[in-house]
C-alpha cells in the first residue's frame, strides 16, 4: 500500500470516530442535543453506569460522557424539556433501592443525587432485566441512545422511554373510545 493511500485511509478512519454505534463523542452535550431533537415517540435514552453492556444493533447509538449519571440525567431532561414533541417516562432499576452502602460505597449519595436530578418526574421501578428486555424489544424497531458515564456503582442506570409531548395517554384513550363508539353505531344502523 502506498504511503498516500495509507494516509487517506487513516484520515478517513479518524474522521469517522463517532459515526458508528459505539462511537466516541468528545462533545457529548452537542451529541445529546442533536439526537434528542431527532428522537420521537417510542425511542429510548439510557443514561448508563460504566458496566452497561454495549449493544450492537444498528439502531443503537452510544455517546460517552465525562460526567456522572446524575449530571447527565439533569442535562438530558433539560434537553427533552426544551422540545415540545416528546416527554420522558422514567424507569429506574428496582435493584438500586436494595443495594447497600456497605457493599457499594457511595450508593446512598448516588440514589439521592439521581432522585434530585429527575426534575419532578415520578420514576417507575422495574427489575433491571425487565428494563433490558424492554430496551431490546424497542430496539428491534426504534432507535436507542445510550449515554455511557464513568459512574461505577451497580444498578444506577436510568432509562427514559420517550412519549408524545403533546398527546397523553388519557387523550389517546378518549380518542380510541370515540372511534370504537362510532364504529359500533355504524354497525348497529339498519342496512338500507
Hey, can you rank 33-43, 115-125 by average C-beta count inside 10 Å, highest first?
33-43, 115-125
Which value in deg cm²/dmol, rounded to the nearest 500, describes the helix-derived mean residue ellipticity at 222 nm for the chain, given -39,500 (n - 2.57) per DSSP H run of n ≥ 4 and division by the residue count?
-13500 deg cm²/dmol
Sort out for me the Cα centre separation of the range 72-91 from the range 98-139, rounded to whole Å.
16
Could you order the peptides 180-189, 76-85 from most to least packed, using the average number of other C-beta atoms within 10 Å per residue?
76-85, 180-189
Which angle from 0 to 90°, rounded to the nearest 10, does the C-alpha axis of helix 169-188 make with the longest principal axis of the chain?
40
Quick one: compute the contact order of the chain, relative version, from alpha carbon pairs under 8 angstrom and 6+ residues apart, as a percent.
35
C-alpha long axis of helix 107-116 to longest principal axis of the chain, angle in °
50
Using only Cα atoms, tell me the angle between helix 69-81 and the longest principal axis of the chain; keep it within 0 to 90° and round to the nearest 10.
50
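Laboratory data are not the source of any read-out in this text; all were calculated from the coordinates shown. What you see is a predicted model, and the numbers here were worked out from it, not measured in a lab. Every residue, glycine as well, gets a Cβ built from its backbone with ideal geometry; the counts of neighbours run over all protein chains shown.
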